[in-house]
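Please read the structure below before turning to the comments.
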Amino acid sequence: MRLASKIFLGFSLVIVILATVGVLGLRAVGRLVSVNREISSEALPALRLTSGVRDTLLTMARLEARLHVLRDPRYATLWRESAAHARADLAQLADLLHTASESARLAGARAAFESYHAAALAEHTRLLAGQGGLTPAADESRARHLGEQVETELEALHQATYARVLRAQAEVARLERRTWNGVIVALATAVVLALLATAVIALRITRSLRRLSAATAAVAAGSFREPIRVGGRDEVGVLARSFNAMADRLRQHDELKEEFFATLSHELRSPITSVREAAHLLADGIPGPLTSKQARLVDIVRRSTDRLLRLVNQILDASRLRAGVLPLERVPLDLDWLVDRAMEEMRPQADEARVTLARERVGTRFTVLGDEDRLVQVVVNLLANAVRFTPVGGRVTVRLVDAGPECEIQVEDTGVGIPSAELPYIFETYRQAHPGKGGTGLGLAIVRGLVLAHGGRVTAESQEGKGSRFTVLLPRDRAA
(Lines give C-alpha, C1' and ligand atoms only; values in the text may rest on other atoms or scores of the structure.)
Protein backbone atom coordinates (compact mmCIF):
# COMPACT_ATOMS: atom_id res chain seq x y z
CA MET A 1 0.00 0.00 0.00
CA ARG A 2 1.27 3.44 -0.85
CA LEU A 3 2.13 5.83 1.94
CA ALA A 4 -0.61 8.28 0.92
CA SER A 5 -3.28 5.54 1.28
CA LYS A 6 -1.98 4.56 4.73
CA ILE A 7 -2.07 8.14 5.93
CA PHE A 8 -5.54 8.67 4.44
CA LEU A 9 -6.99 5.61 6.18
CA GLY A 10 -5.42 6.53 9.51
CA PHE A 11 -6.67 10.10 9.45
CA SER A 12 -10.12 9.00 8.16
CA LEU A 13 -10.55 6.77 11.20
CA VAL A 14 -9.63 9.64 13.52
CA ILE A 15 -11.98 12.02 11.70
CA VAL A 16 -14.92 9.58 11.90
CA ILE A 17 -14.44 9.11 15.64
CA LEU A 18 -14.12 12.83 16.26
CA ALA A 19 -17.20 13.51 14.11
CA THR A 20 -19.19 11.03 16.21
CA VAL A 21 -18.01 12.72 19.37
CA GLY A 22 -19.01 16.08 17.90
CA VAL A 23 -22.53 14.91 17.00
CA LEU A 24 -23.14 13.46 20.47
CA GLY A 25 -21.73 16.58 22.07
CA LEU A 26 -23.97 18.85 19.95
CA ARG A 27 -27.05 16.87 20.90
CA ALA A 28 -26.19 17.14 24.58
CA VAL A 29 -25.43 20.84 24.22
CA GLY A 30 -28.75 21.37 22.45
CA ARG A 31 -30.64 19.76 25.33
CA LEU A 32 -28.66 21.81 27.86
CA VAL A 33 -29.47 24.99 25.96
CA SER A 34 -33.16 24.05 25.87
CA VAL A 35 -33.31 23.42 29.63
CA ASN A 36 -31.38 26.58 30.42
CA ARG A 37 -33.65 28.58 28.12
CA GLU A 38 -36.68 27.21 29.95
CA ILE A 39 -35.21 28.23 33.29
CA SER A 40 -34.08 31.68 32.20
CA SER A 41 -37.02 32.67 30.00
CA GLU A 42 -39.93 31.04 31.84
CA ALA A 43 -39.27 29.76 35.34
CA LEU A 44 -37.24 32.68 36.66
CA PRO A 45 -39.58 35.37 35.21
CA ALA A 46 -42.50 33.44 36.73
CA LEU A 47 -40.84 33.52 40.14
CA ARG A 48 -40.17 37.25 39.78
CA LEU A 49 -43.79 37.95 38.79
CA THR A 50 -45.13 35.82 41.66
CA SER A 51 -42.96 37.72 44.13
CA GLY A 52 -44.07 40.99 42.54
CA VAL A 53 -47.75 40.13 42.98
CA ARG A 54 -47.13 39.20 46.62
CA ASP A 55 -45.40 42.55 47.21
CA THR A 56 -48.30 44.30 45.50
CA LEU A 57 -50.75 42.53 47.81
CA LEU A 58 -48.84 43.81 50.83
CA THR A 59 -49.02 47.32 49.42
CA MET A 60 -52.75 46.95 48.82
CA ALA A 61 -53.26 45.74 52.39
CA ARG A 62 -51.50 48.81 53.77
CA LEU A 63 -53.52 51.14 51.51
CA GLU A 64 -56.74 49.43 52.55
CA ALA A 65 -55.93 49.82 56.25
CA ARG A 66 -55.27 53.55 55.80
CA LEU A 67 -58.50 53.91 53.85
CA HIS A 68 -60.45 52.33 56.70
CA VAL A 69 -58.90 54.70 59.22
CA LEU A 70 -58.70 57.96 57.25
CA ARG A 71 -61.44 57.40 54.64
CA ASP A 72 -59.37 59.36 52.11
CA PRO A 73 -60.43 58.68 48.46
CA ARG A 74 -56.79 58.96 47.31
CA TYR A 75 -55.98 55.69 49.07
CA ALA A 76 -58.84 54.04 47.19
CA THR A 77 -57.40 55.28 43.88
CA LEU A 78 -53.92 54.00 44.75
CA TRP A 79 -55.42 50.66 45.80
CA ARG A 80 -57.21 50.29 42.42
CA GLU A 81 -53.97 51.04 40.55
CA SER A 82 -52.10 48.41 42.57
CA ALA A 83 -54.92 45.94 41.95
CA ALA A 84 -54.66 46.59 38.19
CA HIS A 85 -50.90 45.85 38.31
CA ALA A 86 -51.51 42.66 40.28
CA ARG A 87 -54.22 41.51 37.81
CA ALA A 88 -51.90 42.21 34.84
CA ASP A 89 -49.05 40.24 36.45
CA LEU A 90 -51.37 37.31 37.14
CA ALA A 91 -52.52 37.36 33.51
CA GLN A 92 -48.88 37.40 32.33
CA LEU A 93 -48.09 34.43 34.56
CA ALA A 94 -50.48 32.32 32.50
CA ASP A 95 -48.06 32.48 29.54
CA LEU A 96 -45.08 31.31 31.64
CA LEU A 97 -46.58 28.30 33.43
CA HIS A 98 -46.90 24.91 31.69
CA THR A 99 -47.25 22.24 34.33
CA ALA A 100 -50.67 21.16 35.59
CA SER A 101 -49.77 21.89 39.19
CA GLU A 102 -48.68 25.44 38.41
CA SER A 103 -51.74 26.10 36.24
CA ALA A 104 -54.07 24.89 39.01
CA ARG A 105 -52.34 27.05 41.60
CA LEU A 106 -52.53 30.06 39.27
CA ALA A 107 -56.26 29.52 38.67
CA GLY A 108 -56.86 29.36 42.44
CA ALA A 109 -54.81 32.52 43.00
CA ARG A 110 -56.68 34.43 40.29
CA ALA A 111 -60.08 33.32 41.64
CA ALA A 112 -59.09 34.27 45.19
CA PHE A 113 -57.79 37.62 43.94
CA GLU A 114 -61.02 38.38 42.09
CA SER A 115 -63.04 37.58 45.25
CA TYR A 116 -60.73 39.77 47.30
CA HIS A 117 -60.95 42.53 44.68
CA ALA A 118 -64.78 42.50 44.54
CA ALA A 119 -65.21 42.42 48.29
CA ALA A 120 -62.70 45.19 48.85
CA LEU A 121 -64.29 47.46 46.20
CA ALA A 122 -67.70 47.03 47.82
CA GLU A 123 -66.30 47.92 51.23
CA HIS A 124 -64.52 50.96 49.77
CA THR A 125 -67.75 52.18 48.19
CA ARG A 126 -69.65 51.97 51.49
CA LEU A 127 -66.85 53.64 53.42
CA LEU A 128 -66.55 56.56 51.02
CA ALA A 129 -70.36 56.96 50.82
CA GLY A 130 -70.56 57.19 54.62
CA GLN A 131 -73.09 54.38 54.87
CA GLY A 132 -73.44 52.28 57.94
CA GLY A 133 -72.81 48.63 58.16
CA LEU A 134 -69.96 46.71 59.49
CA THR A 135 -67.58 48.48 61.74
CA PRO A 136 -64.21 49.51 60.34
CA ALA A 137 -62.54 46.76 62.39
CA ALA A 138 -64.85 44.13 60.93
CA ASP A 139 -64.31 45.46 57.39
CA GLU A 140 -60.53 45.34 57.87
CA SER A 141 -60.70 41.79 59.23
CA ARG A 142 -62.69 40.57 56.23
CA ALA A 143 -60.32 42.19 53.70
CA ARG A 144 -57.33 40.76 55.51
CA HIS A 145 -58.87 37.29 55.43
CA LEU A 146 -59.46 37.47 51.65
CA GLY A 147 -55.94 38.88 51.09
CA GLU A 148 -54.48 36.01 53.11
CA GLN A 149 -56.31 33.55 50.86
CA VAL A 150 -54.69 35.17 47.81
CA GLU A 151 -51.29 35.11 49.58
CA THR A 152 -51.74 31.41 50.36
CA GLU A 153 -52.49 30.60 46.72
CA LEU A 154 -49.53 32.65 45.52
CA GLU A 155 -47.23 30.93 48.02
CA ALA A 156 -48.36 27.56 46.68
CA LEU A 157 -47.76 28.78 43.10
CA HIS A 158 -44.29 29.99 44.07
CA GLN A 159 -43.45 26.60 45.59
CA ALA A 160 -44.67 24.77 42.48
CA THR A 161 -42.58 26.99 40.17
CA TYR A 162 -39.53 26.68 42.39
CA ALA A 163 -39.91 22.90 42.34
CA ARG A 164 -39.90 23.05 38.52
CA VAL A 165 -36.66 25.08 38.65
CA LEU A 166 -35.06 22.51 40.94
CA ARG A 167 -36.09 19.68 38.61
CA ALA A 168 -34.66 21.54 35.63
CA GLN A 169 -31.39 22.19 37.47
CA ALA A 170 -31.13 18.54 38.41
CA GLU A 171 -31.67 17.59 34.77
CA VAL A 172 -28.98 20.06 33.69
CA ALA A 173 -26.52 18.55 36.17
CA ARG A 174 -27.40 15.04 35.00
CA LEU A 175 -26.97 16.03 31.33
CA GLU A 176 -23.68 17.70 32.13
CA ARG A 177 -22.32 14.61 33.87
CA ARG A 178 -23.53 12.37 31.08
CA THR A 179 -22.05 14.66 28.42
CA TRP A 180 -18.65 14.86 30.10
CA ASN A 181 -18.55 11.11 30.65
CA GLY A 182 -19.50 10.45 27.05
CA VAL A 183 -17.00 12.95 25.67
CA ILE A 184 -14.17 11.63 27.82
CA VAL A 185 -14.88 8.00 26.91
CA ALA A 186 -15.24 8.85 23.23
CA LEU A 187 -12.07 10.94 23.15
CA ALA A 188 -10.13 8.24 24.99
CA THR A 189 -11.38 5.70 22.47
CA ALA A 190 -10.47 8.01 19.61
CA VAL A 191 -6.98 8.56 20.97
CA VAL A 192 -6.36 4.84 21.49
CA LEU A 193 -7.67 3.91 18.04
CA ALA A 194 -5.76 6.78 16.40
CA LEU A 195 -2.54 5.74 18.11
CA LEU A 196 -3.03 2.15 17.07
CA ALA A 197 -3.90 3.15 13.52
CA THR A 198 -0.96 5.53 13.09
CA ALA A 199 1.67 3.52 15.02
CA VAL A 200 2.61 1.39 12.02
CA ILE A 201 2.71 4.40 9.70
CA ALA A 202 4.71 6.53 12.13
CA LEU A 203 7.16 3.71 12.87
CA ARG A 204 7.69 3.06 9.19
CA ILE A 205 8.15 6.71 8.29
CA THR A 206 10.35 7.69 11.24
CA ARG A 207 12.61 4.66 10.92
CA SER A 208 13.17 5.33 7.24
CA LEU A 209 13.61 9.05 7.76
CA ARG A 210 16.15 8.46 10.54
CA ARG A 211 18.18 6.32 8.18
CA LEU A 212 17.89 8.95 5.47
CA SER A 213 18.86 11.72 7.90
CA ALA A 214 21.92 9.83 9.11
CA ALA A 215 22.92 9.03 5.54
CA THR A 216 22.45 12.67 4.52
CA ALA A 217 24.66 13.85 7.38
CA ALA A 218 27.26 11.26 6.36
CA VAL A 219 27.19 12.46 2.76
CA ALA A 220 27.55 16.07 3.93
CA ALA A 221 30.60 15.00 5.98
CA GLY A 222 32.01 13.07 3.01
CA SER A 223 32.00 9.73 4.83
CA PHE A 224 29.02 7.92 3.29
CA ARG A 225 29.97 4.48 2.01
CA GLU A 226 27.16 1.98 2.66
CA PRO A 227 23.81 2.28 0.80
CA ILE A 228 20.54 2.54 2.69
CA ARG A 229 18.60 -0.71 3.01
CA VAL A 230 15.28 -0.45 1.18
CA GLY A 231 12.43 -2.47 2.73
CA GLY A 232 9.26 -1.25 1.01
CA ARG A 233 7.69 -0.10 -2.23
CA ASP A 234 6.01 3.06 -0.96
CA GLU A 235 7.22 6.61 -1.43
CA VAL A 236 9.83 6.26 1.33
CA GLY A 237 11.31 3.23 -0.44
CA VAL A 238 11.42 5.12 -3.73
CA LEU A 239 13.13 8.01 -1.95
CA ALA A 240 15.70 5.67 -0.40
CA ARG A 241 16.53 4.14 -3.79
CA SER A 242 16.90 7.58 -5.33
CA PHE A 243 19.11 8.65 -2.44
CA ASN A 244 21.35 5.60 -2.88
CA ALA A 245 21.75 6.39 -6.56
CA MET A 246 22.50 10.04 -5.82
CA ALA A 247 25.02 9.17 -3.11
CA ASP A 248 26.80 6.74 -5.40
CA ARG A 249 27.11 9.38 -8.11
CA LEU A 250 28.28 11.97 -5.58
CA ARG A 251 30.87 9.57 -4.25
CA GLN A 252 32.16 8.88 -7.73
CA HIS A 253 32.32 12.58 -8.56
CA ASP A 254 34.00 13.37 -5.24
CA GLU A 255 36.62 10.69 -5.74
CA LEU A 256 37.21 11.83 -9.29
CA LYS A 257 37.54 15.45 -8.17
CA GLU A 258 39.96 14.59 -5.37
CA GLU A 259 42.01 12.42 -7.68
CA PHE A 260 42.08 15.16 -10.30
CA PHE A 261 43.13 17.88 -7.86
CA ALA A 262 45.75 15.69 -6.25
CA THR A 263 47.20 14.64 -9.58
CA LEU A 264 47.08 18.16 -11.02
CA SER A 265 48.64 19.69 -7.90
CA HIS A 266 51.38 17.08 -7.82
CA GLU A 267 52.11 17.51 -11.51
CA LEU A 268 52.14 21.30 -11.23
CA ARG A 269 54.26 21.43 -8.11
CA SER A 270 57.50 20.23 -9.71
CA PRO A 271 57.56 22.63 -12.70
CA ILE A 272 56.37 25.56 -10.57
CA THR A 273 59.13 24.84 -8.06
CA SER A 274 61.67 24.76 -10.90
CA VAL A 275 60.42 28.06 -12.31
CA ARG A 276 60.45 29.57 -8.81
CA GLU A 277 64.02 28.49 -8.14
CA ALA A 278 65.14 29.75 -11.56
CA ALA A 279 63.51 33.11 -10.85
CA HIS A 280 65.30 33.31 -7.51
CA LEU A 281 68.63 32.51 -9.20
CA LEU A 282 68.03 35.25 -11.74
CA ALA A 283 67.04 37.71 -9.02
CA ASP A 284 70.23 36.87 -7.11
CA GLY A 285 72.30 37.59 -10.25
CA ILE A 286 73.85 34.14 -10.45
CA PRO A 287 73.80 34.00 -14.29
CA GLY A 288 74.89 37.63 -14.48
CA PRO A 289 73.73 41.13 -13.69
CA LEU A 290 70.19 42.19 -14.75
CA THR A 291 68.96 45.49 -16.00
CA SER A 292 66.28 47.23 -13.96
CA LYS A 293 63.59 46.21 -16.40
CA GLN A 294 64.77 42.59 -16.35
CA ALA A 295 64.90 42.63 -12.54
CA ARG A 296 61.32 43.93 -12.38
CA LEU A 297 60.11 41.19 -14.72
CA VAL A 298 62.00 38.54 -12.78
CA ASP A 299 60.43 39.83 -9.56
CA ILE A 300 56.95 39.50 -11.14
CA VAL A 301 57.76 35.93 -12.17
CA ARG A 302 59.05 35.13 -8.67
CA ARG A 303 55.98 36.55 -6.93
CA SER A 304 53.62 34.80 -9.32
CA THR A 305 55.33 31.43 -8.88
CA ASP A 306 55.28 31.86 -5.12
CA ARG A 307 51.54 32.50 -5.27
CA LEU A 308 50.96 29.51 -7.56
CA LEU A 309 53.03 27.28 -5.32
CA ARG A 310 51.04 28.38 -2.27
CA LEU A 311 47.81 27.60 -4.12
CA VAL A 312 49.05 24.16 -5.14
CA ASN A 313 50.17 23.45 -1.58
CA GLN A 314 46.77 24.53 -0.26
CA ILE A 315 44.97 22.18 -2.65
CA LEU A 316 47.26 19.32 -1.62
CA ASP A 317 46.74 20.10 2.07
CA ALA A 318 42.97 20.22 1.66
CA SER A 319 42.97 16.88 -0.16
CA ARG A 320 45.17 15.26 2.49
CA LEU A 321 43.02 16.64 5.30
CA ARG A 322 39.85 15.28 3.69
CA ALA A 323 41.56 11.91 3.24
CA GLY A 324 42.95 12.02 6.81
CA VAL A 325 46.55 11.38 5.68
CA LEU A 326 48.17 14.72 6.55
CA PRO A 327 51.22 13.93 8.78
CA LEU A 328 51.65 15.90 12.02
CA GLU A 329 54.83 16.11 14.09
CA ARG A 330 53.59 16.83 17.60
CA VAL A 331 56.05 18.49 19.95
CA PRO A 332 55.59 20.80 22.97
CA LEU A 333 55.08 24.34 21.64
CA ASP A 334 54.96 27.78 23.21
CA LEU A 335 52.05 29.51 21.47
CA ASP A 336 53.43 32.90 22.54
CA TRP A 337 56.54 32.34 20.44
CA LEU A 338 54.51 30.74 17.64
CA VAL A 339 52.17 33.74 17.37
CA ASP A 340 55.20 36.08 17.22
CA ARG A 341 56.57 34.08 14.31
CA ALA A 342 53.27 34.20 12.43
CA MET A 343 52.88 37.94 13.00
CA GLU A 344 56.41 38.63 11.76
CA GLU A 345 55.65 36.63 8.65
CA MET A 346 52.49 38.67 8.02
CA ARG A 347 53.85 42.08 9.01
CA PRO A 348 55.06 43.09 5.49
CA GLN A 349 51.60 42.34 4.06
CA ALA A 350 49.94 44.29 6.90
CA ASP A 351 52.26 47.27 6.41
CA GLU A 352 51.52 47.26 2.71
CA ALA A 353 47.78 47.29 3.45
CA ARG A 354 48.33 49.95 6.16
CA VAL A 355 46.69 47.78 8.80
CA THR A 356 47.96 47.74 12.39
CA LEU A 357 48.92 44.38 13.90
CA ALA A 358 48.61 44.11 17.69
CA ARG A 359 48.72 41.32 20.22
CA GLU A 360 47.39 40.73 23.71
CA ARG A 361 47.94 38.07 26.39
CA VAL A 362 45.56 36.87 29.08
CA GLY A 363 47.37 34.49 31.40
CA THR A 364 50.90 33.07 31.44
CA ARG A 365 50.77 29.40 30.40
CA PHE A 366 50.47 28.85 26.64
CA THR A 367 52.09 25.45 26.10
CA VAL A 368 50.38 22.89 23.85
CA LEU A 369 51.37 19.73 22.01
CA GLY A 370 51.24 20.27 18.24
CA ASP A 371 52.91 20.57 14.87
CA GLU A 372 54.81 23.87 14.72
CA ASP A 373 54.57 24.50 10.97
CA ARG A 374 50.90 23.53 10.79
CA LEU A 375 49.88 25.75 13.72
CA VAL A 376 51.88 28.63 12.22
CA GLN A 377 49.92 27.97 9.03
CA VAL A 378 46.66 28.23 11.02
CA VAL A 379 47.58 31.62 12.50
CA VAL A 380 48.97 32.92 9.18
CA ASN A 381 45.79 31.93 7.31
CA LEU A 382 43.61 33.71 9.89
CA LEU A 383 45.84 36.80 9.83
CA ALA A 384 45.89 36.85 6.02
CA ASN A 385 42.09 36.81 5.92
CA ALA A 386 41.86 39.51 8.60
CA VAL A 387 44.33 41.80 6.79
CA ARG A 388 42.64 41.22 3.42
CA PHE A 389 39.19 42.23 4.70
CA THR A 390 40.26 45.13 6.96
CA PRO A 391 40.23 48.62 5.38
CA VAL A 392 43.13 51.08 5.51
CA GLY A 393 43.72 52.32 9.04
CA GLY A 394 42.05 49.28 10.59
CA ARG A 395 43.38 47.02 13.30
CA VAL A 396 44.00 43.28 13.62
CA THR A 397 44.53 41.90 17.13
CA VAL A 398 45.92 38.48 18.03
CA ARG A 399 44.94 37.52 21.57
CA LEU A 400 46.32 34.57 23.55
CA VAL A 401 44.10 33.37 26.40
CA ASP A 402 45.01 30.85 29.09
CA ALA A 403 41.65 29.04 29.37
CA GLY A 404 42.53 26.33 31.87
CA PRO A 405 42.45 22.97 30.06
CA GLU A 406 42.65 24.79 26.72
CA CYS A 407 44.58 27.60 25.09
CA GLU A 408 42.76 30.12 22.92
CA ILE A 409 44.13 32.00 19.94
CA GLN A 410 41.79 34.81 18.98
CA VAL A 411 42.24 36.77 15.75
CA GLU A 412 40.00 39.83 15.81
CA ASP A 413 39.73 42.53 13.15
CA THR A 414 37.81 45.74 12.47
CA GLY A 415 37.04 44.79 8.90
CA VAL A 416 33.93 44.47 6.78
CA GLY A 417 32.58 41.48 8.67
CA ILE A 418 30.80 38.41 7.36
CA PRO A 419 27.13 38.35 6.27
CA SER A 420 25.03 36.40 8.75
CA ALA A 421 23.72 34.15 5.97
CA GLU A 422 27.28 33.09 5.08
CA LEU A 423 28.64 32.66 8.61
CA PRO A 424 27.58 28.99 9.08
CA TYR A 425 29.38 27.97 5.85
CA ILE A 426 32.66 29.87 5.91
CA PHE A 427 34.71 26.81 6.91
CA GLU A 428 33.53 24.79 3.90
CA THR A 429 35.95 24.08 1.07
CA TYR A 430 35.91 26.66 -1.77
CA ARG A 431 33.31 28.74 0.10
CA GLN A 432 33.89 32.52 0.16
CA ALA A 433 31.82 35.10 2.03
CA HIS A 434 33.16 37.92 -0.22
CA PRO A 435 34.00 36.41 -3.63
CA GLY A 436 35.19 39.73 -5.06
CA LYS A 437 37.96 40.18 -2.46
CA GLY A 438 40.30 37.48 -3.81
CA GLY A 439 41.40 34.22 -2.24
CA THR A 440 40.68 30.59 -3.07
CA GLY A 441 38.15 29.58 -0.43
CA LEU A 442 40.62 27.04 0.98
CA GLY A 443 42.27 28.99 3.81
CA LEU A 444 39.53 28.63 6.43
CA ALA A 445 38.80 25.02 5.40
CA ILE A 446 42.48 24.20 6.00
CA VAL A 447 42.36 26.05 9.34
CA ARG A 448 39.43 23.93 10.48
CA GLY A 449 41.03 20.71 9.25
CA LEU A 450 44.35 21.42 10.98
CA VAL A 451 42.68 22.45 14.25
CA LEU A 452 40.49 19.33 14.25
CA ALA A 453 43.57 17.21 13.53
CA HIS A 454 45.08 18.66 16.74
CA GLY A 455 41.97 17.70 18.72
CA GLY A 456 40.75 21.29 18.98
CA ARG A 457 37.95 23.37 17.53
CA VAL A 458 37.52 26.71 15.82
CA THR A 459 34.62 29.17 16.01
CA ALA A 460 33.73 32.39 14.20
CA GLU A 461 31.80 35.47 15.33
CA SER A 462 31.07 38.44 13.11
CA GLN A 463 28.96 41.55 12.79
CA GLU A 464 28.71 42.89 9.29
CA GLY A 465 30.32 46.30 8.98
CA LYS A 466 32.09 46.07 12.36
CA GLY A 467 34.49 43.12 12.12
CA SER A 468 35.03 39.45 12.88
CA ARG A 469 36.66 37.28 15.52
CA PHE A 470 37.98 33.76 14.95
CA THR A 471 38.81 31.66 18.01
CA VAL A 472 41.03 28.58 17.90
CA LEU A 473 40.82 26.38 21.01
CA LEU A 474 43.61 23.83 21.42
CA PRO A 475 43.82 21.22 24.21
CA ARG A 476 46.68 21.90 26.63
CA ASP A 477 49.73 19.65 26.75
CA ARG A 478 49.17 17.88 30.05
CA ALA A 479 52.37 15.84 29.81
CA ALA A 480 54.49 18.99 29.54
Response to the item:
Rounded to 0.05, the calculated FRET efficiency for the beta carbons of His85 and Leu26 at R₀ = 45 Å is 0.55
Discussion item. With every protein chain left in place and a probe of 1.4 Å, what is the accessible surface of Ile201, to the nearest 10 Å²?
Written reply: 20
Item to complete: Give me the angle, in degrees from 0 to 90, between the Cα long axis of helix 44-70 and the longest principal axis of the Cα atoms of the chain, rounded to the nearest 10.
Response: 40
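Need one word for the chain: rounded, prolate or oblate. Basis is the Cα gyration tensor (sqrt eigenvalues a ≥ b ≥ c); a/c below 1.5 gives rounded, then a/b vs b/c decides. Present the calculation step by step, with values, prior to reporting the outcome.
Numbers: a/c = 5.65, a/b = 3.17, b/c = 1.79.
Prolate, because a/c is 1.5 or more and a/b exceeds b/c.
Carbon-plus-sulfur fraction of the accessible area of the chain, 1.4 Å probe, in percent? Kindly include the intermediate steps, with their values, before the conclusion.
Values: 16100 of 27460 Å².
With neighbouring chains kept in place, the figure for the chain is 59 percent.
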Practice prompt. Can you tell me the FRET efficiency between Ala188 and Ala245 if r is taken as the Cβ-Cβ distance and R0 is 35 Å, rounded to the nearest 0.05?
Written response: 0.15
Practice prompt. Would you mind getting the accessible area per residue of the stretch 5-113, heavy atoms of the protein chains only, 1.4 Å probe, in Å²?
Written response: 56
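Quick check on the stretch 340-451: take the gyration tensor over C-alpha atoms, sort the square-rooted eigenvalues as a ≥ b ≥ c, and tell me if it's rounded (a/c under 1.5), prolate or oblate. Mind showing how you got there, number by number?
Working: a/c = 1.69, a/b = 1.26, b/c = 1.34.
Taking the square roots of the gyration eigenvalues as a ≥ b ≥ c, the stretch 340-451 is oblate.
What number, in percent, do you get for the relative contact order of the chain if the mean sequence gap of Cα pairs under 8 Å and at least 6 apart is divided by its residue count? Could the numbers behind the result be given before it?
On the way: 553 pairs, mean separation 52.1, N = 480.
Computed value for the chain: 11 percent relative contact order.
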Worksheet item: Taking the Cα-to-Cβ direction at Ser420 and at Asn181 and moving 7 Å from each Cα, how far apart do the two end points lie in nm?
Response: 5.7
Worksheet, complete the sentence: Once amide hydrogens are built 1.01 Å from N within the peptide plane, the residues lying 5 or more places from Arg476 or on another chain with amide H under 5 Å from its amide H are Glu406, Cys407
Practice prompt. Please determine, in degrees from 0 to 90 and to the nearest 10, the orientation of helix 443-453 with respect to the longest principal axis defined by the Cα atoms of the chain, where the helix direction is its Cα long axis.
Written response: 90
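Express as a percent, rounded to the nearest 5, the fraction of DSSP beta bridges in the chain (both residues included) that run antiparallel. Could you put the intermediate results ahead of the total?
Numbers: 27 of 34 bridges.
Here the share of antiparallel DSSP bridges comes out near 80 percent.
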Fill in: Placed amide H near Arg359: partners under 5 Å, 5+ positions off or other chain
Val398
Discussion item. Between the stretch 326-372 and the stretch 163-184, what is the separation of their alpha carbon centroids in Å?
Written reply: 83
Worksheet item: Cα axis of helix 136-221 to longest principal axis of the chain: angle in degrees, 0 to 90, nearest 10?
Response: 20
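Would the stretch 1-100 count as rounded, prolate or oblate if I go by the C-alpha gyration tensor, calling it rounded below 1.5 in a/c and otherwise prolate when a/b exceeds b/c, oblate otherwise? Can you show the working numbers first?
Details: a/c = 8.12, a/b = 6.92, b/c = 1.17.
Cα axes put the stretch 1-100 in the prolate bin.
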Worksheet item: Which loop chymotrypsin sites (Phe, Trp or Tyr not before Pro) in the stretch 398-480, with loop taken from DSSP, have no more than 10 other Cβ atoms within 10 angstrom of their Cβ?
Response: Tyr430
Response to the item:
With a Förster distance of 41 angstrom and the Cβ-Cβ distance between Leu256 and Thr206, calculated FRET efficiency to the nearest 0.05 equals 0.70
Discussion item. Going by average Cβ density within 10 Å per residue, which order do the peptides 170-181, 449-460 take, highest to lowest?
Written reply: 449-460, 170-181
Worksheet item: Under a 5 Å amide H to amide H cut-off, with H placed in plane at 1.01 Å, what residues pair with Ala403 once short-range neighbours are removed?
Response: Glu408
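What is the local net charge at Arg80, summed over the other residues whose Cβ is closer than 12 Å to its Cβ (Lys, Arg +1; Asp, Glu -1)?
0
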Worksheet item: Can you work out ³J(HN,Hα) from phi for every residue in the stretch 414-429, in order, using Karplus 6.51 cos²θ - 1.76 cosθ + 1.60 and θ = phi - 60°, giving whole Hz and x for Gly and Pro?
Response: 10, x, 7, x, 10, x, 4, 5, 8, 4, x, 10, 6, 8, 7, 5
Discussion item. From the helices alone, meaning DSSP H stretches of at least four residues, give me the mean residue ellipticity at 222 nm for the chain, per-run term -39500 (n - 2.57), in deg cm²/dmol to the nearest 500.
Written reply: -25000 deg cm²/dmol
Worksheet item: What distance in nm separates the simple spin-label points at Asp402 and Val362, each placed 7 Å from Cα in the Cβ direction?
Response: 1.4
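The values are calculated or read from the model by the stated rules, or taken from the named source; none is laboratory data. Note that this is a predicted model, so its numbers are computed, not measured. Methodologically, a virtual Cβ is constructed for each residue, glycine included, from the backbone with ideal geometry; neighbour enumeration extends over all protein chains shown. When the accessible area is computed, the model is the full protein with side chains, heavy atoms only, and any ligands, DNA or RNA have been set aside. Shrake-Rupley method; radii C 1.70, N 1.55, O 1.52, S 1.80 Å.
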